[in-house]
1. Only one of Val171, Val206, Val237, Val215 is β-branched (Val, Ile, Thr) and surrounded by fewer than 22 Cβ atoms within 10 Å (Cβ to Cβ); which?
2. Among Ile85, Ile56, Ile46, Ile102, which is more than 21 Å from Val320 (Cα to Cα), touching a residue at least 60 places away in the same chain (Cβ under 8 Å), among the β-branched types (Val, Ile, Thr) and touching a Leu at 6+ places or on another chain (Cβ under 7 Å)?
3. Being closer than 18 Å to Tyr119 by Cβ and modelled with pLDDT of 95 or more is true for just one of Asp169, Asp183, Asp204. Which residue is that?
4. Filter region 261-280 down to the residues that are in a strand (DSSP E or B) and either touching a Gly at 6+ places or on another chain (Cβ under 8 Å) or more than 21 Å from Leu28 (Cβ to Cβ) (or both) and list them by number.
5. Any idea which residue in region 344-356 is farthest from the chain's Cα centre (by Cα), counting only those that are buried (at least 23 other Cβ atoms within 10 Å of the Cβ) and closer than 13 Å to Glu47 by Cα?
6. Among the residues in region 82-105, are any assigned by the TED database to the domain that holds Leu198, outside any strand (DSSP E or B), of a type in the set (D, E, K, R) and under 15 Å from the mean Cα position of the chain (by Cα)?
7. Conditions first: (1) free of Cβ contacts under 8 Å to residues at least 60 places away in the same chain; (2) surrounded by 22 or more Cβ atoms within 10 Å (Cβ to Cβ); (3) outside any strand (DSSP E or B). Glu162 passes all but one, so which condition is the exception?
8. Here are some conditions: (1) of a type in the set (D, E, K, R); (2) open to solvent by less than 30 Å² (accessible area, probe 1.4 Å); (3) part of a loop (DSSP other than H, G, I, E, B). Glu176 meets all but one. Which one does it not meet?
Amino acid sequence: MGKLAILSLAVISLAAFIGERLFALRHLSLSSRELTQNYLPNCHVIEGIEYGAEDITTLDDGLAFLSTGLKYPGLPSYSDDPGKIYSLNLLDSDLKIKALNIKGQFDKGSFNPHGISVYTDVKDGAIYLFVVNHPQGKSQVEIFRFVEDENALQYIRTIRHELLQNVNDIVAVGTESFYATNDHYFTNEILKVMEPLLSLSWCDVVYYSPQTVQVVAGGFPSANGINISPDKRHLYVSNILKHKISVMEIQKNTVLSHVKEVDVGSLCDNIEVDRESGDLWLGCHPNGLKFMLSDPNDPPGSEVIRIENILSEKPRVTQVYSDDGSVIIASSVATPYEGKLLIGTVYQKALICDLK
């Protein structure tokens, strides 16, 4: 009778624990959130983007780079073709994408691009494109030099390191140096699923240079998008499962000190920073459960959020665009340029709109 009582108590305790964890997970994923549509004028789909533009970044002259064709565990993938990097001139009225040819000894067949970042060398004006790549499900960072007159990428090198095991996004701060986010702690797919269920906050930000590789910030349930302020003094990290943007100050030794967090009320993915105003533009998942289920009959929506004056005492957070999935599904990035807003998604289309 004693053993039966102990067993019953154990079963009840386990059931209560699982129930509490599932309730917490529903809160983290904003599973009950429904969107009110908030459209921008003159929106149209970018022709040729069918399998996502998970990350986008734009040069000062209006040339955008788009990371497309991401294959990520647990999410839909509608093409077996390798991923590609496209360019798009936002000043061109035709808005035609062009695939960037990759030159050099690079394995194009396993290319699976995720987060991207550009760095312009002040010494000679050379433009470097850093790409998070997941060949065969692994994580590594590719460095290319952009050859403008050929619309090509010259392969330079691949970076692998034990601290770069689950890289999501990257921000370049030199020709060979960057900060990167890890969106999981474990590499095993089953253990990855357990991380949010157990509310583990073991994800981090890593600084890499040829001389130094170190974890510079931690304690994230999942660290996704990352970007840098125009004055290069602060980093912004998407603390996606807490629905916040973390603001970090860069110290002289490259370690980050926590400044504050800004609530955004959504699961925001990539971060783009307006070079003139310093405003943050976020591509977000308004309902994480719908995003993970990816049911075509009840698709995940899309949301773009803007943060103005993020370093002030009262940052202004506004919703710029929202859609219930009837126009675009699973927005992951938004970048403004000259009165236009380019919105990318994890595995579907890309949209360009006029800003009001």
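1. Numbers: Val171 fails: surrounded by fewer than 22 Cβ atoms within 10 Å (Cβ to Cβ); Val206 fails: surrounded by fewer than 22 Cβ atoms within 10 Å (Cβ to Cβ); Val237 fails: surrounded by fewer than 22 Cβ atoms within 10 Å (Cβ to Cβ).
Just a single option satisfies the conditions, and that option is Val215.
2. Numbers: Ile56 fails: more than 21 Å from Val320 (Cα to Cα); Ile46 fails: more than 21 Å from Val320 (Cα to Cα); Ile102 fails: touching a residue at least 60 places away in the same chain (Cβ under 8 Å).
Answer to the selection: Ile85.
3. So the residue among Asp169, Asp183, Asp204 that is closer than 18 Å to Tyr119 by Cβ and modelled with pLDDT of 95 or more is Asp169.
4. Correct list: Leu267, Cys268, Asp269, Asn270, Ile271, Glu272, Val273, Leu280.
5. Checked region 344-356; the qualifying residue farthest from the chain's Cα centre (by Cα) is Leu351.
6. The answer is no, given that none of the residues of region 82-105 is assigned by the TED database to the domain that holds Leu198, outside any strand (DSSP E or B), of a type in the set (D, E, K, R) and under 15 Å from the mean Cα position of the chain (by Cα).
7. The number of the failed condition is (2).
8. (2)
The values are calculated or read from the model by the stated rules, or taken from the named source; none is laboratory data. Everything quoted here is computed from the prediction, not taken from an experiment. All Cβ positions, glycine included, derive from the backbone under ideal geometry; neighbour counts span all protein chains shown. Keep in mind that these areas ignore ligands, DNA and RNA; they rest on the heavy atoms of the full protein, side chains included. Shrake-Rupley method; radii C 1.70, N 1.55, O 1.52, S 1.80 Å.
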